[in-house]
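We did not get these values from a lab; they are worked out from the coordinates using the rules stated. This structure is a prediction, so every number in the text was calculated from the model and none was measured. FYI the Cβ positions are ideal-geometry reconstructions off the backbone, even for glycines, and counts take in every protein chain you see.
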Amino acid sequence: MRVVVVHGGVRISRPRPGGRSRDGEIVDKLMDVAERARRVLLAGSALDAVEEAVRIMEEDPTFNAGYGSALNLVGEVEVDASIMDGSTMRAGAVGAVRGVLHPVTLARAVMERTPHVLLVGEGAREFARKLGLGGDEDLVHESRVSARREALRGALGGGSAGGTMPARDLIGIYGVGETVGAVALDGEGRLAAATSTGGLTLKLPGRVGDSAVVGAGTYADGRAACSGTGVGEAAIVEAGAFRVVEAVGRGLHPRRAAEEVLDIIRRETGREFGFIVVDRSGRVGVAQMGYGLFWASATDEGVEGGIEGGG
Ligand code: GLY
């Protein structure tokens, strides 16, 4: 059985009036991504499929990844990504890297071409330059410039968020989600997962979230593959994606496994989060505790997609 599941991020704040107007378009885009990744599965591996799915979304400014990434406090793009091959238990990741449109491919290069798992900052950028994987691309999209301006107005006392507030609350208000991810099971029974993001608007320069942390935002082994989205700090301290896979290993359905970990994250951190999961039998789980998780899946039987939760 072959399965690809993709997500376009969980909303971690309530959509503003009119803010749902693009929902249908986003779901359509994700269904297209899932179908294109499924075609990769016909000839390639689960690893190839999740990389391809994430690459497509990194090029689309609709999503907070690659081109279209959220801007940090000083108006720059610093991206995070990770990828894991559950059939070999190998993983690669990059954090807070500038000028790279496809950090997921850079993460795969870390996995396949170095003895390391995680490269960050200027070191990751220089590695990208050496491999011809970018390092000097302009990833700032105009929609993110205005989003950051509005976020700053809120932080400084104006804007719709209304007033100065602690940095922790700013994350909840202005972290728009839209991180992207993919999980897949190929015809050989191999599982893989990948995640990519621009992170949170107004994050501090150098901040690295769960999408670059194997076991937090991304995890895969022989039992299941999982990608997460939400406020990354919560998934890091709770080892979110790893715990979901562990719960599948205890016999839970992937959806139930994701819900169990989301309950823990909510209870212990108060944060919104979401997961997509596929297990070695091809069973799919999509679950969130936020304001809606955009997802789509493709199998040999067809493609489906939607917004999980968030009413
Ligand atoms: N989950 C994306 C981030 O926190 O950066």
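Using the alpha carbons of the stretch 117-159, what is the convex hull volume per residue in cubic angstrom, as a whole number? Working shown, then result.
Details: hull volume 4.6 nm³, N = 43.
Considering the Cα atoms of the stretch 117-159, their hull volume per residue is 106 Å³.
By DSSP, the beta bridges lying fully in the chain are antiparallel in about 95 percent of cases. Residues whose amide H falls under 5 Å from that of VAL214, counting only those 5 or more places apart or on a different chain, are absent, with hydrogens built in the peptide plane.
If we sort 295-303, 54-62, 137-145 on the protection proxy, mean other Cβ atoms within 10 Å, highest first, what's the order? Write down the numbers at each step before the final one.
Numbers: 295-303: 19.4, 54-62: 21.8, 137-145: 15.6.
Top of the packing list down: 54-62, 295-303, 137-145.
Across the stretch 48-157, Cα-Cα pairs farther apart than 23 Å form 29% of the total. Across the alpha-carbon set of the stretch 2-80, the Rg to Rh ratio works out to 1.03, Rh being the Kirkwood radius.
With all projection directions averaged, the alpha carbon convex hull of the chain covers 14.0 nm². Highest mean first, the peptides 38-50, 214-226 sorted by other C-beta atoms within 10 Å per residue fall in the order 214-226, 38-50.
P(r) for the stretch 170-303, from all Cα pairs and a bin width of 10 Å, is 14, 48, 30, 8, 0 %, short bins first.
Taking neighbour counts of Cβ atoms within 10 Å as a proxy for exposure, in what order, fewest first, do ASP85, ASP80 appear?
Values: ASP85 24, ASP80 31.
By the 10 Å Cβ count, ascending, the order reads ASP85, ASP80.
Phi angles across the stretch 233-249 convert, under the Karplus curve 6.51 cos²θ - 1.76 cosθ + 1.60 with θ = phi - 60°, into 3J(HN,Hα) values of 4, 5, 6, 5, 5, 9, 6, x, 5, 4, 5, 4, 5, 4, 5, 4, x Hz, Gly and Pro given as x.
Among residues other than GLU142 whose Cβ falls under 14 Å from its Cβ, what is the net charge (Lys/Arg +1, Asp/Glu -1)? After counting each charged neighbour, the total is +1.
Near ALA287: Cβ cut-off under 11 Å, other residues only, Lys/Arg at +1 and Asp/Glu at -1. The net charge is -2.
Grab the DSSP H runs of the chain that are 4 residues or longer, score each as -39,500 (n - 2.57), total them, divide by all residues and round the 222 nm result to the nearest 500 deg cm²/dmol. Working shown, then result.
Details: 9 runs with 112 residues, N = 311.
Helix contribution divided over all residues of the chain: -11500 deg cm²/dmol.
When the chain is fully extended, how far beyond the present Cα-Cα distance does HIS116 get from LYS130, taking 0.36 nm per residue of separation?
Working: separation 14, 0.36 × 14 = 5.04 nm, distance 1.63 nm.
Here the answer is 3.4 nm.
Karplus-based coupling profile of the stretch 52-69, in residue order and whole Hz: 4, 4, 5, 4, 4, 6, 5, 8, 9, x, 4, 9, 7, 6, x, 6, x, 5, with θ = phi - 60° in 6.51 cos²θ - 1.76 cosθ + 1.60 and x standing for Gly or Pro. May I ask for the distance between the Cα centers of the stretch 233-265 and the stretch 180-219, given as a whole number of Å? The distance from the Cα centre of the stretch 233-265 to that of the stretch 180-219 comes to 15 Å.
So what is the relative contact order for the chain, in percent, with contacts set as C-alpha pairs under 8 Å and at least six apart? That works out to 26 percent.
A protection proxy built from the mean count of other Cβ atoms within 10 Å ranks the segments 107-115, 182-190, most packed first, as 182-190, 107-115.
Other residues with beta-carbon under 11 Å from the beta-carbon of ILE56 carry, at +1 per Lys or Arg and -1 per Asp or Glu, a net charge of -4.
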